[in-house]
Amino acid sequence: MGDEYNHHPVLLEEALEALNIEENGIYIDGTFGRGGHAREILNRLGQNGQLIAIDKDPEAVRNAREQFKTDPRFSIERGSFAMLEQLVDHRGLLNKVSGLLLDLGVSSPQLDDPQRGFSFLKDGPLDMRMDPESGVSAEVWLATASEDEISRVLKTFGEERFHRRIARAITGTREESPIQTTNQLADIVSRAIPRHEKHKHPATRAFQAIRIFINHELEDVSQCLQQALNVLAVGGRMVVISFHSLEDRIVKRFIRDQSRGKPFPPDLPVRAEELQCKLKPVGKAIRAGKEEIARNPRARSAVMRVAERVA
């Protein structure tokens with residue numbers, strides 16, 4: 001993937017402020033993408049600071065190693081941020097990380113490259129894998145999944161109202177010919193939906209659902225958040241940028257539950273230390289402003305939440 005696919009980091013200044021970067025701190029960028037956030041974190045670190053990046057996409061990893069090959073403060077691991085605790089433990093850094101940044105979802109370069117199969121706006125192979133060298137592609141899954149399974153995925157991960165109609169159309173079409181391209185799938189979905197929303201492509205929810213399912217995105221988020229409790233130092237910040245309600249709901253509930261601590265009966269007198277709260281929320285949810293949305297329309301759905309480890 002070349003430089004022609006531009007990447008605009010969302011909520012960049014807000015995320016950097018929320019991380020509360022210390023010159024000699026240890027930071028983790030769990031979703032390197034094309035390095036927009038990572039570059040600015042490094043600009044704020046001193047000589048003894050460290051930035052560890054993670055990304056599933058082999059192209060992102062190659063790009064990272066090329067960009068920062070002369071910077072000894074930077075390293076990157078190929079894999080999911082669901083491996084967070086393992087990667088940090090390997091370095092002997094459990095409970096020592098000053099900040100964790102997660103910029104969730106698909107990156108702009110992935111979305112803009114038709115060969116990756118994420119977008120219904122440009123025709124390309126029906127892949128959708130963030131790591132195209134492992135796992136099952138969308139094409140293979142759609143060729144073998146049952147109608148009930150496809151329907152469940154569309155409903156659960158896309159909140160698609162017409163999930164049964166779309167699943168029936170997919171399984172009916174594949175009996176006649178294989179579904180191999182993004183345009184084919186987008187056309188099937190569009191024809192299956194009886195009423196289209198204004199200003200929204202009818203295939204939006206279906207593509208989102210299949211991508212999330214193929215890449216285990218929600219499971220990875222849940223696992224990473226839990227592991228962050230053993231990775232962050234006391235006072236360390238967790239900053240998460242979500243792009244749809246399913247991700248944001250997981251993050252919001254996790255911060256809420258960890259800030260409340262252990263569940264005790266409401267009428268039982270309990271000292272604060274007995275609650276064993278792990279996190280405290282920092283401020284309220286932050287959204288992109290009008291100027292950023294005008295520059296980068298994909299920022300419109302972004303929600304950033306911040307929490308700090310307290311114990």
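The numbers here are math on the coordinates, done by the rules we state, and not lab data. As the structure is a prediction and not an experimental result, all values here were calculated from the model. Positions of Cβ are generated from backbone atoms using ideal geometry, with glycine treated the same way; all protein chains shown enter the neighbour counts.
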Rank these for me by crowding, Glu66, Glu219, Glu85, Glu77, going from fewest to most other beta carbons within 10 Å.
-> Glu66, Glu219, Glu85, Glu77
With only alpha-carbon atoms counted, please give the Rg and Dmax of the chain, in Å.
-> 20.6, 67
With springs only between Cα atoms under 10 Å apart, run a GNM on the chain and tell me which of Met238, Met83, Met128 wobbles the most.
-> Met83
For the cross-link pairs Lys56/Lys284; Lys56/Lys252; Lys252/Lys278, which exceed 20 Å when the distance is taken from alpha carbon to alpha carbon?
-> Lys56/Lys284; Lys56/Lys252
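Please give the net charge around Val303, taking every other residue with its beta carbon less than 15 angstrom from that of Val303, where Lys and Arg add +1 and Asp and Glu add -1. Write out the running numbers ahead of the final one.
Values: positive: Arg249, Lys252, Arg253, Arg256, Lys284, Arg287, Arg298, Arg300, Arg305; negative: Glu14, Asp103, Glu247, Asp248, Glu292.
Taking every Cβ under 15 Å from that of Val303, the sum is +4.
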Hey, what number do you get for the chain at 222 nm if only DSSP H runs of n ≥ 4 count, each worth -39500 (n - 2.57), divided across all residues, to the nearest 500?
-> -12500 deg cm²/dmol
Can you give the relative contact order of the chain as a percent, counting alpha carbon pairs under 8 Å and 6+ residues apart?
-> 18
So which trypsin sites (Lys or Arg not before Pro) in the range 70-154 are both in a DSSP loop and have at most 16 other Cβ atoms within 10 Å of their Cβ?
-> Arg91, Lys96, Lys122
Exposure proxy check: Ser108, Ser134 ranked by fewest other beta carbons within 10 Å?
-> Ser134, Ser108
Using the Kirkwood formula over every pair of different C-alpha atoms, what hydrodynamic radius in Å results for the range 101-172?
-> 13.4
Choose one answer from Ala138, Ala18, Ala169: the residue with the largest mean-square fluctuation in a GNM of the chain with alpha-carbon springs under 10 Å.
-> Ala169
Shape of the range 1-141, Cα gyration tensor, a/c cut at 1.5 = prolate
Fewest first, what order do Lys56, Lys155 take by the number of other Cβ atoms within 10 Å?
-> Lys155, Lys56
